[in-house]
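Undergrad: First, the structure itself, so that you have it in front of you.
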Amino acid sequence: MPENALVYEIGSTTTLVNYFVDVDTEHPRFAGGAQAPTTVDKGDVTIGLLEAKAALEEQIGEVRPTRVLATSSAAGGLRMSVHGLVHDMTVKAAKEAALGAGANIAFLTAGKLRRTDLQKIKDIKPNIFLIAGGVDFGERETALHNVELLLELDLDIPFIYAGNCENREEIQLMFEEKGREADLFLCENVYPRLDQLNVEPTRAVIQDVFEAHITQAQGMAKIRDAVDSHVIPTPGSVMLATKLLAEEFEDVMTLDIGGATSDVHSVTLGSEEIAAIAISPEPEAKRTVEGDLGLFINRENLLSYFSEDKLAEEAGLTPEQLRYELQTFHPIPTSPESIRLACALARKAVELSVTRHGGELLDFYYTGGKKQGAQGKDLTMVRLVVGTGGALTRLPCARKILEEIPSMNKGDRLLPLEGITVLIDKEYIMASLGVLSMEYPEATLKLLKNTLSI
């Protein structure tokens, strides 16, 4: 009997449900999707899940899944507190691992923790600690100092250690003495050598820990009653889908422009020429989150990049129309004027988020002359750009905006070049497909090709 998969995407306000049939065959199919309000604030996320499933069955009839999976960004998503040694080295590596797994970085420190740092951690209430620091066989004391202080906070959350390998036995002993062996997860060092990032092992552990501890989030205690397989952070699921596309097409970038944030995921090694002048290593798979570039919650930040005349010009509105639209701004634009305004803001969000995600060329001056270097992620080899999320799957201008990415380069940025192919996640199912790929990778790739019309 063919296998069918139901995937819940539990957002902070809305729960989506997508149904995929025949996922173990040569011809998997997206059967339909529906949504309902997320009910974490009611103390039980399954209320919203069942409402979404009922809405789906009203559309397509009875749903009989053999697998039920989920992604979640509800209850604040996965909030991580990340602590390393040097900001440009181990802290950066730990941050790359956390973001690539779909975490939200709630707090980040370099060096030894201070009393003020510890108070901030208490206030933030993270879900997971990620501790790094020191290349293998290098500096040891900072990570040990930080673990000791964090244990004294007595917060009932898991710790992931991904630092100097020489500290492992000492850290294990510290947890044994506290009777908290089960809360410690040991990983390979995220920065084992000065020229090497090693983030993938830690990303995998972060997702495993998230699955194991997701039920501790407010209102999520019953999620296992409704889900019988993987539950991973929604942004991490988008990264999994992007990586799957990269296995087939190489050098892929995915943009998700939402109401609160703009996320960019890229999977590319970049060019050999840029790698030869890079001043620090970058991961092959990178995610950045721009929390100030949302189209609704943070729209004031985007508006600050425009004068009123310039925004009216870019949106194709008269000053009077613009003022009216700004006064009546809605998260889902419906009128022609509101759609044009949303397009202008979406273009700015794409320009800023891609520019921040990508690297740049730098000039260094020595007594012997000038030498060029590169810093940050090299996107010049990216040939496939995918749009997902609310804005880029629903706005009519989305494809044109993404096609303009090469022209957003001011000359010193390592952005995609002319000739990119732009595809849109027209069914808005990319996040669901990411978690589905953990069990059905071949079917997922076919479904991705279908929704992207490859």
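Undergrad: Exactly one condition in (1) modelled with pLDDT under 95; (2) farther than 18 Å from residue 229 by Cβ; (3) assigned to a strand (DSSP E or B) is false for residue 32; which is it?
TA: (1)
Undergrad: Can we say residue 74 is closer than 27 Å to residue 254 by Cα, within 24 Å of the chain's Cα centre (by Cα) and of a type in the set (A, V, I, L, M, F, W, C)?
TA: So residue 74 passes the test.
Undergrad: Can you confirm whether region 292-315 contains a residue that is of a type in the set (D, E, K, R), farther than 21 Å from residue 400 by Cβ, part of a loop (DSSP other than H, G, I, E, B) and within 25 Å of the chain's Cα centre (by Cα)?
TA: The answer is yes; a qualifying residue exists.
Undergrad: Which condition does residue 305 not pass, out of (1) within 25 Å of residue 384 (Cβ to Cβ); (2) in contact with a helix residue (DSSP H, G or I) (Cβ under 7 Å, 6 or more places away or on another chain); (3) aromatic (Phe, Trp, Tyr), if it passes all the others?
TA: Result: residue 305 fails condition (1) only.
Undergrad: Also, quick follow-up: Take residue 421 and tell me if it is within 30 Å of residue 72 (Cα to Cα), surrounded by fewer than 16 Cβ atoms within 10 Å (Cβ to Cβ) and of a type in the set (Val, Ile, Thr).
TA: It is true that residue 421 is within 30 Å of residue 72 (Cα to Cα), surrounded by fewer than 16 Cβ atoms within 10 Å (Cβ to Cβ) and of a type in the set (Val, Ile, Thr).
Undergrad: For residues that are touching a residue at least 40 places away in the same chain (Cβ under 8 Å) and surrounded by fewer than 19 Cβ atoms within 10 Å (Cβ to Cβ), tally how many sit in region 49-62.
TA: Qualifying residue count, region 49-62: 2.
Undergrad: Regarding residue 268, is this residue touching a Leu at 6+ places or on another chain (Cβ under 8 Å), closer than 28 Å to residue 428 by Cβ and not assigned by TED's automatic domain parsing to the domain that holds residue 101?
TA: yes
Undergrad: Within the bounds of region 354-366, is there any residue that is of a type in the set (S, T, N, Q), surrounded by 15 or more Cβ atoms within 10 Å (Cβ to Cβ) and at pLDDT 95 or above?
TA: Checked against the condition, which is being of a type in the set (S, T, N, Q), surrounded by 15 or more Cβ atoms within 10 Å (Cβ to Cβ) and at pLDDT 95 or above, region 354-366 yields at least one hit.
Undergrad: So, in region 63-91, exactly how many residues are of a type in the set (A, V, I, L, M, F, W, C) and either assigned to a helix (DSSP H, G or I) or free of Cβ contacts under 8 Å to residues at least 60 places away in the same chain (or both)?
TA: The qualifying residues number 5.
Undergrad: Let me ask another. Which strands (runs of 3 or more DSSP E) sit wholly inside region 166-279 and have at least 2 residues that are surrounded by fewer than 22 Cβ atoms within 10 Å (Cβ to Cβ) and under 24 Å from the mean Cα position of the chain (by Cα)?
TA: In region 166-279, 184-186 are the strands (runs of 3 or more DSSP E) which contain 2 or more residues that are surrounded by fewer than 22 Cβ atoms within 10 Å (Cβ to Cβ) and under 24 Å from the mean Cα position of the chain (by Cα).
Undergrad: For region 111-134, which positions are of a type in the set (S, T, N, Q) and either at pLDDT 95 or above or touching a Gly at 6+ places or on another chain (Cβ under 6 Å) (or both)?
TA: Answer for region 111-134, where residues must be of a type in the set (S, T, N, Q) and either at pLDDT 95 or above or touching a Gly at 6+ places or on another chain (Cβ under 6 Å) (or both): 116, 119.
Undergrad: Let me ask another. Anything in region 301-333 that is loosely packed, with under 13 Cβ neighbours inside 10 Å and under 18 Å from residue 257 (Cβ atoms)? List them, or say none.
TA: 304, 330, 332
Undergrad: With the checklist (1) of a type outside the set (A, V, I, L, M, F, W, C); (2) assigned by TED's automatic domain parsing to the domain that holds residue 312; (3) out of contact with any Gly (no Cβ under 9 Å at 6 or more places or on another chain) in hand, flag the one item residue 376 doesn't pass.
TA: (3)
Undergrad: Can I ask one more? Looking only at residues that are among the charged types (D, E, K, R) and farther than 12 Å from residue 163 by Cβ in region 124-151, which one is nearest to the chain's Cα centre (by Cα)?
TA: 125
Undergrad: Which pairs turn up if I take residues in region 172-193 that are closer than 21 Å to residue 153 by Cβ and look for partners that are exposed (fewer than 15 other Cβ atoms within 10 Å of the Cβ) with beta carbon separation below 7 Å, at least 6 apart in sequence or on another chain?
TA: 174/148; 175/181; 184/172
Undergrad: Here is a further query. Give region 81-91 a look and list any residue that's more than 16 Å from residue 187 (Cα to Cα) and buried (at least 24 other Cβ atoms within 10 Å of the Cβ), or say none.
TA: 81, 85
Undergrad: Starting from residues that are crowded, with 19+ Cβ neighbours inside 10 Å and aliphatic (A, V, I, L, M), keep the ones in region 99-109 and report whichever is farthest from residue 288 (Cα to Cα).
TA: Only one residue fits best here, namely 106.
Undergrad: I'm checking my understanding of the structure. Among residues of region 156-165 that are touching a strand residue (DSSP E or B) at 6+ places or on another chain (Cβ under 8 Å) and in a loop (DSSP other than H, G, I, E, B), which one is farthest from residue 80 (Cα to Cα)?
TA: The residue in question is 163.
The values are calculated or read from the model by the stated rules, or taken from the named source; none is laboratory data. What you see is a predicted model, and the numbers here were worked out from it, not measured in a lab. In this analysis, Cβ positions are derived from the backbone assuming ideal geometry, glycine residues included, and neighbour counts consider all displayed protein chains.
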